[in-house]
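Q: Take this structure, written in structure tokens, and hold onto it; I'll ask about it next.
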Amino acid sequence: MLLLQHPRERRKAIGTARLAHLCLPGSELHVGVEFEDDAAVRAALAEAHAAGRPAHLLFPGPRAVDLAEAKLDGPITLVVVDGTWWQARKLLKRNARLAALPQLRFTPPAPSNYRIRREPSDDYVATVEALAHVLGALEGAPERFATLLRPFERMIDTQIHYATHVRGGRRRHALHRARKALRPRPFALLRERAQSLVCLHGEANAWPARRPGGHPPEIVHWIARRAGTGETFEAIIAPRRPLAPATPSHIRIPRERLATGESWASFRARWSAFTRADDIVCAWGRFPLDVLEAEGVALPAARLDMRPALGSYLGTRPGAIEDCTARLGVEPPPPFALGRGGVRLAALAAVVDKLMSAA
């Protein structure tokens with residue numbers, strides 16, 4: 001069995017993929033987003049094919065076959081993606097080989113017991129719960145794999161006991177009230193300095209960190225919007241280093257368009273003319289800013305990372321910027337720029353506009 005986990009899920013202490021991996025000898029757990037060129041994953045799939053155990057993806061896609069109706073000729077290798085549904089869909093979108101595998105789905109026999117984590121619907125279950133049911137059905141031994149749920153249930157009971165007895169309900173509610181009262185304050189600055197606020201996003205030509213022969217990341221798409229005036233900036237920059245194979249699909253800009261992008265010198269001159277000394281840079285995360293500064297481009301000193309700021313406002317981890325628009329009840333405007341960057345900057349601008357009006 002092959003478990004492919006989104007990196008964000010690995011950081012969750014109450015995730016269940018690692019729990020399942022530790023309980024299933026012979027299983028493999030790999031963490032990442034890009035698996036097309038992952039030597040270990042490709043080797044595992046090739047070995048399964050050679051051994052007559054074809055890989056099947058456990059995913060409820062439109063062409064998935066219900067496990068109860070599947071006609072399997074023999075043993076299979078089960079491939080499972082672990083993460084939120086948004087993350088799982090992203091993994092499939094980024095990995096054509098995985099998306100092309102035959103897909104299996106199933107109907108949970110009971111609602112999830114994942115009481116410490118909110119599921120999108122009653123028929124959604126934790127990864128370890130899905131595996132207990134599916135492996136039991138494939139092997140014809142439901143009782144054998146039901147033991148997978150024992151450490152899972154123990155983890156849940158421990159977390160609930162800690163939350164209700166160790167931390168103390170009164171202290172927890174007091175902290176929640178205090179955090180809620182503080183949420184609007186950081187965003188008063190947005191309205192006060194709206195004319196100086198610049199929302200920006202950058203996309204990089206970035207090779208996988210662990211891939212031999214890779215190159216340092218470089219910015220190839222840089223976009224910005226002034227919150228106060230709506231003035232915009234976009235630059236598609238021709239790569240100065242070899243283009244990583246996944247970059248065009250990852251940032252959703254064709255390889256040909258990147259190749260005909262403007263020069264680095266042209267971009268630097270235009271960006272310098274766009275920025276002002278009193279600008280406040282507003283971005284989602286630090287990566288694009290760090291990459292650009294590493295390449296010697298100066299950025300305004302005043303900055304606001306909206307990801308932790310919005311997490312404080314919401315009282316929880318914000319997730320991706322695209323998800324936050326729905327949580328705040330705002331509709332992003334049509335992107336003015338190309339690719340994934342255009343979508344993300346439109347979402348960031350909509351979130352900032354919403355918070356400025358609420359500050």
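The values are calculated or read from the model by the stated rules, or taken from the named source; none is laboratory data. Computed from a predicted model, the values in this text were never measured in an experiment. Using ideal geometry, Cβ is built from the backbone for each residue, glycine included, and neighbour counts are taken over all protein chains shown. Just so you know, the surface numbers come from the protein's heavy atoms only, side chains and all, with ligands and any DNA or RNA stripped out. Shrake-Rupley method; radii C 1.70, N 1.55, O 1.52, S 1.80 Å.
Q: Considering segment 16-32 alone, what residues qualify as being touching a residue at least 40 places away in the same chain (Cβ under 8 Å), open to solvent by 30 Å² or more (accessible area, probe 1.4 Å) and touching a helix residue (DSSP H, G or I) at 6+ places or on another chain (Cβ under 6 Å)?
A: Selection gives 19 alone.
Q: Also: Please state which of the following conditions residue 275 fails to meet, knowing it meets all the rest: (1) in contact with a helix residue (DSSP H, G or I) (Cβ under 8 Å, 6 or more places away or on another chain); (2) touching a residue at least 24 places away in the same chain (Cβ under 8 Å); (3) not small (Gly, Ala, Ser).
A: For residue 275, the failing item is (1).
Q: For segment 255-278, which residues satisfy the criterion of being within 26 Å of the chain's Cα centre (by Cα) and over 19 Å from residue 201 (Cβ atoms)?
A: Answer for segment 255-278, where residues must be within 26 Å of the chain's Cα centre (by Cα) and over 19 Å from residue 201 (Cβ atoms): just 255.
Q: In this structure, is residue 49 touching a Ser or Thr at 6+ places or on another chain (Cβ under 9 Å), farther than 30 Å from residue 244 by Cα and open to solvent by 40 Å² or more (accessible area, probe 1.4 Å)?
A: no
Q: While we're looking at this one, here's another question. Using beta carbons and a limit of 9 Å, which pairs, at least six apart or on different chains, have the first residue in segment 135-157 and within 16 Å of residue 116 (Cβ to Cβ) and the second one open to solvent by 60 Å² or more (accessible area, probe 1.4 Å) and in a helix (DSSP H, G or I)?
A: Within 9 Å, the pairs are 151/22.
Q: Of the residues that sit in segment 260-294 and are among the acidic types (Asp, Glu) and either open to solvent by less than 10 Å² (accessible area, probe 1.4 Å) or touching a Leu at 6+ places or on another chain (Cβ under 9 Å) (or both), which one is nearest to residue 340 (Cα to Cα)?
A: Top of the filtered list is 293.
Q: Here's another thing I want to ask about it. Kindly list, by first and then second residue, each pair from a residue in segment 49-61 that is assigned to a loop (DSSP other than H, G, I, E, B) to a residue that is buried (at least 16 other Cβ atoms within 10 Å of the Cβ), limited to pairs with Cβ atoms under 6 Å and residues at least 6 apart or on different chains.
A: 53/76; 53/77; 54/76; 59/103; 60/105; 61/103
Q: If we keep just the residues of segment 303-328 that are in a loop (DSSP other than H, G, I, E, B) and touching a residue at least 12 places away in the same chain (Cβ under 8 Å), which is most open to solvent (accessible area, probe 1.4 Å)?
A: 315
Q: Out of all the residues in segment 331-343, is one or more open to solvent by 60 Å² or more (accessible area, probe 1.4 Å), acidic (Asp, Glu) and more than 20 Å from the chain's Cα centre (by Cα)?
A: yes
Q: Next question, about the same structure. Taking residue 13 as the residue in question, decide whether it is surrounded by fewer than 14 Cβ atoms within 10 Å (Cβ to Cβ), free of Cβ contacts under 8 Å to residues at least 40 places away in the same chain and not in a helix (DSSP H, G or I).
A: Yes: the conditions hold for residue 13.
A quick yes/no check of all residues on (1) out of contact with any helix residue (DSSP H, G or I) (no Cβ under 7 Å at 6 or more places or on another chain); (2) open to solvent by 40 Å² or more (accessible area, probe 1.4 Å):
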{"site": "64", "(1), (2)": "yes, no"}
{"site": "69", "(1), (2)": "yes, yes"}
{"site": "74", "(1), (2)": "yes, no"}
{"site": "86", "(1), (2)": "no, yes"}
{"site": "90", "(1), (2)": "yes, yes"}
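Q: Of everything in segment 224-234, what is charged (D, E, K, R), part of a strand (DSSP E or B) and open to solvent by 30 Å² or more (accessible area, probe 1.4 Å)? Give them in sequence order.
A: Residues satisfying the conditions are 225, 234.
Q: Which one of these is among the hydrophobic types (A, V, I, L, M, F, W, C) and either open to solvent by 50 Å² or more (accessible area, probe 1.4 Å) or at pLDDT 70 or above (or both): 137, 174, 163?
A: Just one listed residue meets the conditions, 137.
Q: Could you please find all residues in segment 241-256 being surrounded by 14 or more Cβ atoms within 10 Å (Cβ to Cβ) and either small (Gly, Ala, Ser) or on the phi < 0 side of the Ramachandran plot (or both)?
A: 243, 244, 245, 246, 247, 248, 249, 250, 251, 253
Q: Which condition breaks for residue 80 when tested against (1) closer than 22 Å to residue 146 by Cα; (2) part of a loop (DSSP other than H, G, I, E, B)?
A: Only one criterion in (1) closer than 22 Å to residue 146 by Cα; (2) part of a loop (DSSP other than H, G, I, E, B) is unmet by residue 80, namely (2).
Let's see how each residue does on (1) assigned to a loop (DSSP other than H, G, I, E, B); (2) touching a Gly at 6+ places or on another chain (Cβ under 6 Å); (3) closer than 25 Å to residue 322 by Cα; (4) among the polar types (S, T, N, Q):
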{"position": "236", "(1), (2), (3), (4)": "no, yes, yes, no"}
{"position": "256", "(1), (2), (3), (4)": "no, no, no, no"}
{"position": "273", "(1), (2), (3), (4)": "no, no, no, no"}
{"position": "285", "(1), (2), (3), (4)": "yes, no, yes, no"}
{"position": "291", "(1), (2), (3), (4)": "no, no, yes, no"}
